[in-house]
1. So, S147, is that one in a helix (DSSP H, G or I), under 14 Å from the mean Cα position of the chain (by Cα), closer than 20 Å to F130 by Cβ and of a type in the set (G, A, S) or not?
2. Kindly evaluate Q128 against the criterion of being surrounded by fewer than 18 Cβ atoms within 10 Å (Cβ to Cβ) and without any contact (Cβ under 8 Å) to a residue 40 or more places away in the chain.
3. Taking region 202-229 on its own, how many of its residues are open to solvent by less than 10 Å² (accessible area, probe 1.4 Å) and away from ligand 1 (no atom under 16 Å from the Cβ)?
4. Looking at region 9-122, what helices (runs of 4 or more DSSP H) fall wholly within it and have at least 2 residues that are among the charged types (D, E, K, R)?
5. Taking region 199-243 only, how many residues are within 16 Å of ligand 2 (Cβ to nearest atom) and assigned to a helix (DSSP H, G or I)?
6. Taking T140, is it closer than 30 Å to W232 by Cα, within 16 Å of ligand 1 (Cβ to nearest atom), among the polar types (S, T, N, Q) and buried (at least 18 other Cβ atoms within 10 Å of the Cβ)?
7. Exactly one condition in (1) surrounded by fewer than 18 Cβ atoms within 10 Å (Cβ to Cβ); (2) assigned to a helix (DSSP H, G or I); (3) touching a strand residue (DSSP E or B) at 6+ places or on another chain (Cβ under 8 Å) is false for P196; which is it?
Amino acid sequence: MTAFFYDISWYGMMAVGVLFFAALYLGFGALNHALSQWLLPALGYGGRLDPRPIPAGQIRRELRHSALVVLLFGAGMVFPWGLLQLGWARLAPQASAGQIALEMLALIIWNEIHFYLNHRLLHTRWLQRFHLPHHRSVVTTPWATYSLHPLEAMMLGNVILLPMVVHDFSVYSLMMVPVFSIIFNNIGHSNYDFLPDYQHDRWWLNGARRHHLHHACYHGNYGFMFPFMDRWLGTDLPPDAAAEKIRRALAKAEQGDAA
Ligand SMILES: [Zn+2]
Ligand SMILES: [Zn+2]
């Protein structure tokens, strides 16, 4: 596996990258859709977080934006590949299972910090126009995971470059970054309460509820999957932050229906 990344050509790397990210986006999106739309509701487990309807055309727009981002992320594999070719980064071919586990843990924590910082930047006056395409999905769907402006995709997509320069990772640890990212990203955009016994967003695995609140309120809860950055920097939202807004929107829709 390690030799593969040294031997492949730049265009081969881009092609493999596009297929890899397309498979991640479509595969995990379909799994999330099946779980949150059919399987879990059929089992009577959990429920929708934001009950408001999804506007017409939203999913088509999410798929369109995501297709471009799959191409960008895939083609962007040429950057880590380039670091290896130039000798600025190296892979550790003989890493033990313990080392891979530790590396993955470090990359999960780094991914959280990197996402939080970039996300905060994307909410500034100067950069927010590049983040608004993602926030057009107020009620999230599994297809919103890669629904990003290209600049946002480039800001988030460079997450492994710095770690690769400072440490020789196993190829398996690096390959797991897009995999755990898409899993966490799907949890965040599922609009589904997978932890119905925790009717609050304090539980550290309750990323679905936290990111639903981020989309419903726009400000606050800037973290990716875990709450530690928001808690540390005081940007976490109270669990009922969107309740009033959703109640008013539903009441207004009902009035509209009655009129
Ligand atoms: Zn945001
Ligand atoms: Zn989002």
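The values are calculated or read from the model by the stated rules, or taken from the named source; none is laboratory data. What you see is a predicted model; the values in this text were computed from it and never measured. Ideal geometry is used to build each Cβ from the backbone, glycine not excepted, and the neighbour counts take in all protein chains shown. For accessibility, only protein heavy atoms count, side chains too; no ligands or nucleic acids. Shrake-Rupley method; radii C 1.70, N 1.55, O 1.52, S 1.80 Å.
1. On the way: in a helix (DSSP H, G or I): no; under 14 Å from the mean Cα position of the chain (by Cα): yes; closer than 20 Å to F130 by Cβ: yes; of a type in the set (G, A, S): yes.
No; evaluated as a whole, the condition is false for this residue.
2. Working: surrounded by fewer than 18 Cβ atoms within 10 Å (Cβ to Cβ): yes; without any contact (Cβ under 8 Å) to a residue 40 or more places away in the chain: yes.
Yes: the conditions hold for Q128.
3. The qualifying residues number 1.
4. Working: elements: 10-33, 40-43, 58-75, 78-86, 97-122.
Where helices (runs of 4 or more DSSP H) fall fully within region 9-122 and carry at least 2 residues being among the charged types (D, E, K, R), they are 58-75, 97-122.
5. 13
6. Details: closer than 30 Å to W232 by Cα: yes; within 16 Å of ligand 1 (Cβ to nearest atom): yes; among the polar types (S, T, N, Q): yes; buried (at least 18 other Cβ atoms within 10 Å of the Cβ): yes.
Against the criterion (closer than 30 Å to W232 by Cα, within 16 Å of ligand 1 (Cβ to nearest atom), among the polar types (S, T, N, Q) and buried (at least 18 other Cβ atoms within 10 Å of the Cβ)), T140 qualifies.
7. Here P196 clears every test but (2).
Residue-wise test of (1) under 17 Å from H214 (Cβ atoms); (2) among the hydrophobic types (A, V, I, L, M, F, W, C).
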| position | (1), (2) |
| --- | --- |
| Y116 | yes, no |
| F130 | yes, yes |
| L161 | no, yes |
| V177 | no, yes |
| D193 | yes, no |
